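The values are calculated or read from the model by the stated rules, or taken from the named source; none is laboratory data. All of these numbers come straight from a predicted model, not from anything done at the bench. When we count neighbours, we look across all protein chains shown, and the Cβ atoms used for this are built from the backbone with ideal geometry, even at glycine.
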Amino acid sequence: MAVFAYKAMNPDGQLIRGELEAANLVDLEMRLKRMELDFINGSPLKPTAFGRSSPAPRRELINFCFHLEQLRRAEVPILEGLSDLRDSTDHPRFREIMAGVVEGIEGGKSLSAALEDYPQAFDPVFCNLVRAGEASGNLPHVLRDLAESLKRDDELAAYASRIVIYPAIVLTFLFAAVAVALIFVVPQLAQLFRSTGQALPLQTRILVGTSDLMQAYWPLLLTALALAISFGTFAIQRSPAVRLRFDALTLHLPLFGEIRRKIIMARFAGLFAMMYSSGIPIIDALRSTEKVVGNRVIQRALQRIGQHIAEGQNVSAAFAGSNLFPPLVTRMLRVGENTGALDTALTNLRYFYDRDVQESTARLQAVLEPMLIALLAAFLLWIAVAVMGPIYDIITTLPV
């Protein structure tokens, strides 16, 4: 089906714009009618070079799981519950997804099969767990576990953002201060220095040369920077080899790489425990989790582990053969296998890594703040020395 951009009117007379998948304009009008929208016009969207991706916000997925769990516990029919969710959500894209899911169920699909039609919103783990809940008749319990898992993922994402936001703000101020100094202040002082004819110190010559370079070639420099960022983003998205190297780099970055690895381990352990406790076979659980860990290096390692388990190795031995998983993971898996409580061991592992991520993030923030302040102060001090040295020499040579 194609993706159409549409304009419609809701029952209150307000114009609504959005995007929706449909076979043609007639199908688009029928889909909008089910959403209580009056179709005005629409046109198919052309696919972009980067592809189309409209992921659903994690908060919407949490609300979806929570509300659907409550409705199922109250024995509200699944179709009525999804229709209520469709009508109550405020997010345009998620409303459209809910409309498609309702239509799929009306067409005879199960909930998990209808969710699989929207992989940008519902990943393989989500769909497999819902399918397991349907098969076992314990869908409300699965939805509750999914909501808790999504909340933990949201917290982990918040910790990951927290260690990036502060350095980004400080470095932005640093570059802004340097740019203002090089573009507006240093050129005026350079004219003064040249008019005196005196020899300039090395740091002052470097500063003046950098300022002249920025003034002469700033459009070219900005263009080159934008092209480099665009090309790098395109290469990471399109080239598996480049993406693999980039993911490997993120795991070995100083300070940040270890926290990134712990966040991935916490997410993997939580999802693997949840799928295993829901009755999904280990091989299927690994195949599902490897698609959502968010790192190609870890994904390849999980693929090799799955192959070893399929060949007859036990779980702990297969994980021990990979150097990407710490000894703690192997020990916990071995204990879980020996006691017959592998899901409990994985849950404890997830709890450990959740706590470790919180503590590591707090420690990293405590280290980064003084380091960045010192860097900012040192750079500005270097500029001040490079500028004030020649000025002091000029003042001392003036006749009294």
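Looking at 185, 178, 170, 208, which is the one that is assigned to a helix (DSSP H, G or I), modelled with pLDDT of 80 or more and surrounded by 13 or more Cβ atoms within 10 Å (Cβ to Cβ)? Explain how you work it out, then say what you get.
Working: 185 fails: modelled with pLDDT of 80 or more; 178 fails: modelled with pLDDT of 80 or more; 170 fails: modelled with pLDDT of 80 or more.
So the residue among 185, 178, 170, 208 that is assigned to a helix (DSSP H, G or I), modelled with pLDDT of 80 or more and surrounded by 13 or more Cβ atoms within 10 Å (Cβ to Cβ) is 208.
Is there a residue in the stretch 232-239 that is loosely packed, with under 12 Cβ neighbours inside 10 Å and either out of contact with any Phe, Trp or Tyr (no Cβ under 9 Å at 6 or more places or on another chain) or closer than 17 Å to residue 298 by Cα (or both)? Reasoning before the result, please.
Pass one, the stretch 232-239, residues loosely packed, with under 12 Cβ neighbours inside 10 Å: 233.
So of that shortlist, the ones also either out of contact with any Phe, Trp or Tyr (no Cβ under 9 Å at 6 or more places or on another chain) or closer than 17 Å to residue 298 by Cα (or both) come out as none.
Among the residues of the stretch 232-239, not one is loosely packed, with under 12 Cβ neighbours inside 10 Å and either out of contact with any Phe, Trp or Tyr (no Cβ under 9 Å at 6 or more places or on another chain) or closer than 17 Å to residue 298 by Cα (or both), which makes the answer no.
Only one residue in 79, 71, 61 is in a helix (DSSP H, G or I) and surrounded by 20 or more Cβ atoms within 10 Å (Cβ to Cβ), so which one is that? Lay out the reasoning, then the answer.
On the way: 79 fails: surrounded by 20 or more Cβ atoms within 10 Å (Cβ to Cβ); 71 fails: surrounded by 20 or more Cβ atoms within 10 Å (Cβ to Cβ).
Step by step, each of 79, 71, 61 is checked, and only 61 is in a helix (DSSP H, G or I) and surrounded by 20 or more Cβ atoms within 10 Å (Cβ to Cβ).
Residue under question is residue 395, and the condition is that it be in a helix (DSSP H, G or I), within 30 Å of residue 211 (Cα to Cα) and either within 30 Å of the chain's Cα centre (by Cα) or without any contact (Cβ under 8 Å) to a residue 60 or more places away in the chain (or both); does it hold? Give the derivation first.
Values: in a helix (DSSP H, G or I): yes; within 30 Å of residue 211 (Cα to Cα): yes; either within 30 Å of the chain's Cα centre (by Cα) or without any contact (Cβ under 8 Å) to a residue 60 or more places away in the chain (or both): yes.
Judged against the criteria, residue 395 is a match.
If I ask for residues that are acidic (Asp, Glu) and at pLDDT below 85, which ones from the stretch 113-139 would you list?
Within the stretch 113-139, 117, 123 qualify.
For the stretch 294-313, state whether one or more residues are within 18 Å of the chain's Cα centre (by Cα) and within 29 Å of residue 140 (Cβ to Cβ). So that I can check it myself, show each step before the final result.
The initial filter retains those residues of the stretch 294-313 that are within 18 Å of the chain's Cα centre (by Cα), namely 294-299.
With the extra rule that they be within 29 Å of residue 140 (Cβ to Cβ), the set shrinks to 294.
Scanning the stretch 294-313, I find at least one residue that is within 18 Å of the chain's Cα centre (by Cα) and within 29 Å of residue 140 (Cβ to Cβ), so the answer is yes.
Would you check if there is a residue in the stretch 220-239 being among the hydroxyl-bearing types (Ser, Thr, Tyr), in contact (Cβ under 8 Å) with a residue 24 or more places away in the chain and out of contact with any Ser or Thr (no Cβ under 7 Å at 6 or more places or on another chain)?
Within the stretch 220-239, the first condition is being among the hydroxyl-bearing types (Ser, Thr, Tyr), and the residues that meet it are 223, 230, 233, 239.
Restricting the remaining residues to those that are in contact (Cβ under 8 Å) with a residue 24 or more places away in the chain gives none.
Among the residues of the stretch 220-239, not one is among the hydroxyl-bearing types (Ser, Thr, Tyr), in contact (Cβ under 8 Å) with a residue 24 or more places away in the chain and out of contact with any Ser or Thr (no Cβ under 7 Å at 6 or more places or on another chain), which makes the answer no.
Please tell me if residue 137 is free of Cβ contacts under 8 Å to residues at least 60 places away in the same chain and assigned by TED's automatic domain parsing to the domain that holds residue 266. Spell out how you get there, then give the answer.
Numbers: free of Cβ contacts under 8 Å to residues at least 60 places away in the same chain: yes; assigned by TED's automatic domain parsing to the domain that holds residue 266: no.
So residue 137 fails the test.
Looking only at the stretch 97-117, how many residues end up being within 22 Å of the chain's Cα centre (by Cα) and in contact (Cβ under 8 Å) with a residue 40 or more places away in the chain?
Matching residues across the stretch 97-117 total 1.
Of all the helices (runs of 4 or more DSSP H) wholly in the stretch 245-350, which have at least 3 residues that are in the same structural domain as residue 362 (by TED's automatic domain parsing) and surrounded by fewer than 16 Cβ atoms within 10 Å (Cβ to Cβ)?
Details: elements: 256-277, 282-289, 296-310, 315-320, 327-339.
Filter on the stretch 245-350 gives 296-310, 327-339.
Which one of 221, 227 is at pLDDT 90 or above, in a helix (DSSP H, G or I), more than 26 Å from residue 323 (Cα to Cα) and over 19 Å from the mean Cα position of the chain (by Cα)?
Details: 221 fails: at pLDDT 90 or above.
When all the criteria are applied, what remains is 227.
Residues in the stretch 216-266 that are polar (S, T, N, Q) and in contact with an Asp or Glu (Cβ under 9 Å, 6 or more places away or on another chain): how many?
Of the residues in the stretch 216-266, the ones polar (S, T, N, Q) are 223, 230, 233, 237, 239, 250.
Okay, now just the ones that are also in contact with an Asp or Glu (Cβ under 9 Å, 6 or more places away or on another chain), so none.
The number of residues fulfilling the criteria is 0.
Only one residue in 145, 153, 90 is outside any helix (DSSP H, G or I) and of a type in the set (D, E, K, R), so which one is that? Before the answer, list the steps.
On the way: 145 fails: outside any helix (DSSP H, G or I); 153 fails: outside any helix (DSSP H, G or I).
The match here is 90.
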